[in-house]
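For reference, the structure discussed in these notes is given below.
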Amino acid sequence: MKEILDLLQQQSNQKIGLREKRPNIWQVIIPFYHEDGDMVEVFITPVGSLYRICDYGLTLMRLSYSYELDTPNKERIFNTIISSYNIQNEKGNLYIDIETDHLYPALMQFIGTVLKVSNMRLYKREVIQSLFFEMLDEFIQTQLVKYQPQKDYYPLPNMPEYKVDYCFNHRKVPIYLFGVNGAATARLTVISCQKFIIEKIKFRSMSVLESLDCLGKKDQSRLMSVADKVFPEFNEFEKTGDEYIARELDLLS
C-alpha cells in the first residue's frame, strides 16, 4: 500500500488516500464526486509488473439505476467513450492496466471516463448527435464498401455548397445519401435535392436520420417530399440499407 500511495503522491499535487478493501485491493480516496454527492469508487490492484485501475462493475451498476444500455446505439456510444480513453470492459468491470510511471495520469483518465459514463443519460442527445456521422461513416466504409461509396461528393463542381454526403453508382444514375441529425442538415438536404432537380441531374436520393424525433413535423414533411427513401433511424439503415442499395443499383444498371 505504501508503495502505491508514495507513487500517487509523487505524481500529483493533491491529497490522496488508500483504503484496503481486500488483500491486494485498495480503494482510492480522492475528492471526485458524482452529482448525488457520492465519491467516485476506484480501486487499484497489482497485476504482475503493472497496476490495474478498475471499478469492479460499480459504474455500470450505478448507471443502470437511471439509464439502460439497451440499444445498439447506446452500446456503441458507451464503447466509444471508454475506448477513447483506452479503458477496457471485462463483463462490466471497467479497467486500465498501467505502468508505475503513469499511475496518477491513468487514474485521472479513468475517473474522467467513469464520470462521463455515469452521466450518459444527461447528455445522451448531444453525444448521439456528435457521433452520428462518425457511426454512419464507419458503417458505410465497412459494410457498404463493396458499392464503392464516394464521400463528400459534389454533383455541381462549381457550387461546393451543394454537397452529397455519400454517392453510390456515380458513373450511371447515382444514389445520393444524406445523413440527417437535426433541422439544419434536413433543410440542407432538401435545398440540395431541389437544386439537383432544377439542374436536371438524374439521381436517386436517400436520407438516413439519426432518429425520427430529431426533426419536427414540418421538416419531416419537407424531407419526405424530396427524398426517394427515408430511413427514420440509423438502426433501420444498418439492418436494411445494404439490401435497399443493392436493389436500387440493380434497377439503375
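All but one of (1) closer than 25 Å to ASP242 by Cα; (2) in a helix (DSSP H, G or I) hold for ASP219, so report the exception by its number.
(1)
Give the residue that is modelled with the lowest pLDDT, with candidates limited to residues of segment 20-35 that are of a type outside the set (A, V, I, L, M) and in contact with a Lys or Arg (Cβ under 9 Å, 6 or more places away or on another chain).
Top of the filtered list is PRO31.
With part of a loop (DSSP other than H, G, I, E, B) and not polar (S, T, N, Q) as the only criterion, which of MET206, MET159 stands out?
MET159
Checking THR45 against (1) surrounded by 15 or more Cβ atoms within 10 Å (Cβ to Cβ); (2) over 20 Å from THR100 (Cβ atoms), which single condition isn't satisfied?
Of (1) surrounded by 15 or more Cβ atoms within 10 Å (Cβ to Cβ); (2) over 20 Å from THR100 (Cβ atoms), only one is false for THR45: (2).
Here's the yes/no breakdown for (1) among the β-branched types (Val, Ile, Thr); (2) surrounded by fewer than 20 Cβ atoms within 10 Å (Cβ to Cβ); (3) assigned by TED's automatic domain parsing to the domain that holds GLY241; (4) at pLDDT 95 or above:
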{"site": "PHE133", "(1), (2), (3), (4)": "no, yes, yes, no"}
{"site": "LEU136", "(1), (2), (3), (4)": "no, no, yes, no"}
{"site": "PHE139", "(1), (2), (3), (4)": "no, yes, yes, no"}
{"site": "TYR147", "(1), (2), (3), (4)": "no, yes, yes, no"}
{"site": "MET159", "(1), (2), (3), (4)": "no, yes, yes, no"}
{"site": "LYS163", "(1), (2), (3), (4)": "no, yes, yes, no"}
{"site": "TYR166", "(1), (2), (3), (4)": "no, no, yes, yes"}
{"site": "VAL173", "(1), (2), (3), (4)": "yes, yes, yes, no"}
{"site": "LEU177", "(1), (2), (3), (4)": "no, no, yes, yes"}
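Name the residue, out of ASP55, ASP97, ASP70, that is free of Cβ contacts under 8 Å to residues at least 12 places away in the same chain and either over 30 Å from ALA184 (Cβ atoms) or surrounded by fewer than 12 Cβ atoms within 10 Å (Cβ to Cβ) (or both).
Every option except ASP70 fails the conditions.
How many of the residues in segment 2-19 are in a helix (DSSP H, G or I) and modelled with pLDDT of 80 or more?
0
Would you mention how many residues in segment 222-234 are closer than 10 Å to VAL180 by Cβ and either among the β-branched types (Val, Ile, Thr) or in a strand (DSSP E or B) (or both)?
2
The values are calculated or read from the model by the stated rules, or taken from the named source; none is laboratory data. Small disclaimer: the values here were computed from a predicted structure and weren't measured. Neighbour counts are summed over all protein chains in view; Cβ atoms, including those assigned to glycine, are modelled from backbone coordinates with ideal geometry.
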